[in-house]
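Nothing in this text is a laboratory measurement; each read-out follows from the coordinates by a stated rule. Small disclaimer: the values here were computed from a predicted structure and weren't measured. With ideal geometry, Cβ positions are generated from the backbone for all residues, glycine too; neighbour counts draw on all protein chains shown.
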Amino acid sequence: MPMPSNGTGDGSTPDSHARRSAVEATDGTVRHLLDIDDLDRTELFAVLDLAADYKLAQKQGRDHADLEGQTLGMLFQKPSTRTRVSFETGMTQLGGHAIFLGADDIQLGRGEPLKDTARTLSRYVDAVMARVFKHENIEVLAEYAEVPIVNGLTDDAHPSQTLADLLTIRERFPHLEDVSATWIGDGNNVAQSFVLGCALAGIDLTVATPPDHGIDESVLERAAELGAAPTTTHDPVEAVTDANVVYTDVWISMGQEDEREIRLRRFDGFQVNEALLEYAPEAAVMHCLPAHRGEEITDSVLESERSIVFDQAENRLHAQKALLTWLLE
Ligand code: CP
Ligand code: NVA
């Protein structure tokens, strides 16, 4: 499979402890994907192009064992269906191997520090994908690991989801700079990475959230630095009007279960339903899944022709295979 440029160019020798020559930053450190803006625009499109190639190769039954002999550690502090299965299956299809590391099944669950876990795993595996609560935890992993760390969701970010989202949107709308997208609901981890992804990709984005549930100011600033902070509003109708894409996610993310009652009250009026979508008659509907039908989205919308949620789910596989190859080959 042809490789996109990784932008490093100098073929410098990796740290002696790193088992493979993972992509390095210009200062010689290993590259990670802690959020989507760890990629620049050129790198993002190189990964998306490789993802599209992988998707075709898999559909056509063409060999693409580009990571033969390589191992991905998969650390999970929260449950997962899509992230776990798509990363593991992706490694298998690339000729490599993945190891599921439930936080309670390894010594981390008994109090071994993350920094020791990071350094230990680095001596065995070629990359680590981690799903953790606090975003600082993935930063600790990256600080101490000698192999690439890939964010499989934190409380603040979900960049591997964003890669799949952009791939999915580009399949429908090849010219991303002509796309008008709307985020409705919570300004959560999925939303924040999507904001940054849209800024990188040139998608025009409007975000409608209740007051106090907006995108973090620091994320809006990062998006502005990338060239385009989204328009923000508290009015879902204004936000969706004539959009090409309407995207939502749960109102109660993992770890927020105690806030259920207050959140249900605050998000009243932010449901993606048929009445709201009358203002966006052509829009494709996206959701990262799992969905809470009857809360942030209705069953009828999720099951409708305009829903592309299972394309999104499938594209996790292809996008992450491309990301892993880009980081590791
Ligand atoms: N969208 C997503 O990350 O799904 P999982 O929680 O099932 O991994
Ligand atoms: N915002 C959700 C996404 C799940 C994939 C959560 O964090 O629970």
request  = Between Thr120 and Arg306, with labels modelled 7 Å along Cα→Cβ, what's the label distance in nm to one decimal, could you check?
outcome  = 5.1
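Dividing the alpha-carbon Rg of the stretch 90-165 by 2.2 N^0.38 Å yields what? Could the numbers behind the result be given before it?
Working: Rg = 12.5 Å, N = 76, 2.2 N^0.38 = 11.4 Å.
Dividing the Cα Rg of the stretch 90-165 by 2.2 N^0.38 Å gives 1.10.
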message = With angles folded into 0 to 90 degrees, how steeply does helix 135-144 sit against the dominant principal axis of the chain? Use alpha carbons for both and round to 10.
response = 20
task = For a footprinting-style exposure proxy, rank Thr232, Thr83, Thr162 by other Cβ within 10 Å, fewest first.
result = Thr232, Thr83, Thr162
note = A correct Karplus calculation of ³J(HN,Hα) over the stretch 153-170, with 6.51 cos²θ - 1.76 cosθ + 1.60, θ = phi - 60°, whole Hz and x for Gly and Pro, returns 2, 10, 4, 10, 8, 8, x, 5, 5, 4, 4, 5, 4, 5, 4, 5, 5, 5
ask   = Cross-link partners among aspartates and glutamates for Lys55, C-alpha distance below 12 Å, same-chain residues fewer than 8 apart left out?
value = Asp63, Glu171, Asp311, Glu314
Stokes-Einstein D in µm²/s, Kirkwood radius over Cα pairs - the chain at 10 °C with 1.306 mPa s viscosity = 79
task = Using only Cα atoms, find the angle between the long axis of helix 82-93 and the longest principal axis of the chain, and express it within 0 to 90 degrees, rounded to the nearest 10.
result = 40
query = Do the sum for the chain: with -39,500 (n - 2.57) for every DSSP H run of n ≥ 4, divided by all residues, what is the mean residue ellipticity at 222 nm, to the nearest 500 deg cm²/dmol?
reply = -11500 deg cm²/dmol
ask   = Can you list the lysines whose alpha carbon sits under 29 Å from that of Lys115, skipping same-chain ones fewer than 8 residues off?
value = Lys78, Lys134, Lys321
message = As I understand it, the dipole of the chain uses +1 on the Cβ of Lys and Arg and -1 on the Cβ of Asp and Glu, about the Cα centre. Which of Ala239, Leu67, Ile215 lies farthest toward its positive end?
response = Leu67
ask   = What residue among Ser304, Pro113, Ala284 has its Cα farthest toward the positive end of the dipole of the chain, where the charges are +1 on Lys, Arg and -1 on Asp, Glu, each on the Cβ?
value = Pro113
note = DSSP beta bridges in the chain: the antiparallel percent, rounded to 5, is 5
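In nm², what is the average projected area of the convex hull enclosing the Cα atoms of the stretch 285-329? Working shown, then result.
Details: hull surface 13.9 nm².
Approximately 3.5 nm², given one-decimal rounding.
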query = Quick one: helix 309-328 against the long Cα principal axis of the chain, what's the angle to the nearest 10°, folded into 0 to 90?
reply = 30
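Taking every eigenvalue of the Cα gyration tensor of the stretch 223-272, multiplying by 5 and rooting it, what semi-axes result, largest first, whole Å? Provide the component values of the computation, followed by the final result.
Numbers: eigenvalues 119, 50, 20 Å².
Rounded to whole Å, the semi-axes are 24, 16, 10.
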inquiry  = Strictly greater than 22 Å: what percent of every Cα pair in the stretch 252-329 meets that?
reply    = 41
